[in-house]
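The values are calculated or read from the model by the stated rules, or taken from the named source; none is laboratory data. None of these values were measured; they are calculated from a predicted model. When we count neighbours, we look across all protein chains shown, and the Cβ atoms used for this are built from the backbone with ideal geometry, even at glycine. With ligands, DNA and RNA removed, areas are computed over all heavy atoms of the protein, side chains included. Shrake-Rupley method; radii C 1.70, N 1.55, O 1.52, S 1.80 Å.
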Amino acid sequence: MTVVYLEALAAIAVSLAILMALAWAVQQRSGNSGWVDTIWTFALGLVGTGSALWPIAGAAPNARQWLVAALVAIWSLRLGTYIAIRSAYITDDPRYAAFAKEWGVDSPRRMFIFLQNQALGSIPLVFAIFVAAHFPSDALRPQDYLGALILIVGISGEALADAQLKRFRENPANKGRVCDVGLWRWSRHPNYFFEWFGWLAYPVIALSPGYPWGWAALLAPVFMYWILVHVTGIPPLEEQMLRSRGDRYRDYQSRTSRFFPLPPKEAVT
């Protein structure tokens with residue numbers, strides 16, 4: 001059994017490396033790094049769905065494998081389509097553009113390394129999907145349904161946050177303002193929060209005293225929290241917002257939770 005899990009881990013790593021090399025080629029050819037996140041999302045969905053349905057000992061996929069595969073596919077199609085539509089209307093993603101400016105003439109090589117590191121960091125995410133789908137029991141349990149509910153809430157919450165932000169930006173009266181309506185009153189990054197929340201589904205499905213591989217699923221929400229809150233999510237986005245919105249964004253920061261949804265603070269007068 002250990003050999004099968006290690007083979008799956010190797011296949012996941014190679015697949016992600018190839019797909020993120022493709023993302024680099026598209027970014028270099030188009031000049032629009034927005035496609036990087038689009039391809040990453042679809043790549044994670046493709047490899048994640050494949051890993052969920054990965055056969056063990058020639059057995060056909062069971063109900064849990066199909067459930068996890070369906071949830072991963074829904075997540076990937078929803079988020080990937082949203083990012084693709086957004087990317088089609090921009091010339092470049094400000095976060096990646098800032099990296100390219102910092103890297104200068106060495107930008108193509110540094111971007112390739114950056115995206116391969118992103119592929120490497122995504123391995124725990126897909127492996128969490130694999131170990132959750134391959135819990136050693138054919139029958140669905142209450143925690144499988146709970147995991148599915150958690151992921152559906154995460155997908156729905158993120159979709160709602162994205163829709164609220166899109167509607168806010170489409171209103172000409174809001175030009176230059178900071179979105180602080182709906183979920184954005186409670187968190188500066190509700191889309192990121194619900195993205196992280198959805199990854200809690202896999203440990204819920206996988207964790208069991210008799211399934212030591214299930215503990216690997218904890219790496220998914222831990223890694224996702226770290227990447228969103230401390231690396232490529234909030235830090236570069238908030239730097240860009242401070243450059244474009246200035247004091248308006250500083251005021252928003254002073255009264256709105258950074259990540260976890262919390263009641264907004266009273267405005268300082």
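In square angstrom, what is the accessible area per residue of the chain with a 1.4 angstrom probe? Spell out each step's value before the answer.
Values: 13360 Å² over 269 residues.
Dividing the accessible area of the chain by its residue count gives 50 Å².
Say the dipole of the chain comes from +1 at the beta carbon of Lys and Arg and -1 at that of Asp and Glu; which of Ala69, Ala59, Leu151 then lies farthest toward its positive end?
Going by the Cα projections, it comes out as Leu151.
Please find the FRET efficiency linking Glu170 to Thr232, where r is the Cβ-Cβ separation and R0 is fixed at 30 Å, and quote it to the nearest 0.05.
On the way: r = 26 Å, r/R0 = 0.87.
So the FRET efficiency works out to roughly 0.70.
Can you return the aspartates and glutamates within cross-link range of Lys166? Criterion is Cα-Cα under 20 Å, with same-chain partners fewer than 8 residues away left out.
Within the straight-line limit of under 20 Å, Lys166 reaches these aspartates and glutamates: Asp37, Asp92, Asp93, Glu158, Asp180, Glu195, Glu238.
Using unit Cβ charges (K, R positive; D, E negative) and no other charged atoms, how large, in debye to the nearest 20, is the dipole of the chain about its Cα centre?
Details: 23 positive and 18 negative charges, 150 e Å.
Dipole of the chain, to the nearest 20 debye: 720 debye.
Over all alpha-carbon pairs of the chain, lay out the pair-distance distribution in 10 Å bins, whole %, shortest bin first.
7, 27, 33, 22, 9, 2, 0
By how many nm would the segment from Ser156 to Glu266 grow when fully extended, if each residue of separation counts as 0.36 nm and the alpha-carbon distance is taken off? Each step should come with its number before you reach the end.
On the way: separation 110, 0.36 × 110 = 39.60 nm, distance 2.82 nm.
36.8 nm is the gain from fully extending Ser156 to Glu266.
In whole angstrom, how far apart do the alpha carbon centroids of the stretch 209-268 and the stretch 107-126 sit?
Here the two parts' Cα centres lie 21 Å apart.
With a ≥ b ≥ c the root eigenvalues of the C-alpha gyration tensor of the stretch 88-202, is it rounded (a/c under 1.5), prolate (a/b larger than b/c) or oblate?
Values: a/c = 3.53, a/b = 1.25, b/c = 2.82.
In terms of gyration-tensor shape, oblate.
Can you work out the Karplus-derived ³J(HN,Hα) for every residue in the stretch 59-65? Use 6.51 cos²θ - 1.76 cosθ + 1.60 with θ = phi - 60°, whole Hz, and x for glycine or proline.
6, 5, x, 8, 4, 5, 4
So how do 19-30, 184-195, 136-147 stack up, highest first, on mean other-Cβ count within 10 Å? Before the final figure, lay out each step's value.
Details: 19-30: 16.7, 184-195: 21.7, 136-147: 13.8.
The densest-packed peptide leads the list: 184-195, 19-30, 136-147.
Apply 1/(1 + (r/R0)^6) to the Cβ-Cβ distance of Leu120 and Tyr89, taking R0 = 41 Å, and write down the FRET efficiency to the nearest 0.05.
Working: r = 30 Å, r/R0 = 0.74.
That gives a FRET efficiency of 0.85.
Among Pro236, Val181, Ala206, whose Cα lies farthest out toward the positive end of the dipole of the stretch 122-269, if unit charges sit on the beta carbon of Lys, Arg (+1) and Asp, Glu (-1)?
After comparing all options, I get Val181.
Rounded to two decimals, what ratio of Rg to Rh does the stretch 13-74 give with C-alpha atoms and a Kirkwood Rh?
That ratio is 1.12, to two decimals.
Calculate the dipole size of the stretch 90-214 relative to its Cα centre from +1 charges on Lys and Arg beta carbons and -1 charges on Asp and Glu beta carbons; express the result in debye to the nearest 20. Could you put the intermediate results ahead of the total?
Details: 12 positive and 11 negative charges, 93 e Å.
Around 440 debye, computed over the stretch 90-214.
Could you please state how large a percent of the accessible area of the chain is carbon and sulfur, counting protein chains only and using a 1.4 Å probe? Don't skip to the end; give the middle numbers.
Working: 9000 of 13360 Å².
C and S fraction of accessible area: 67 percent.
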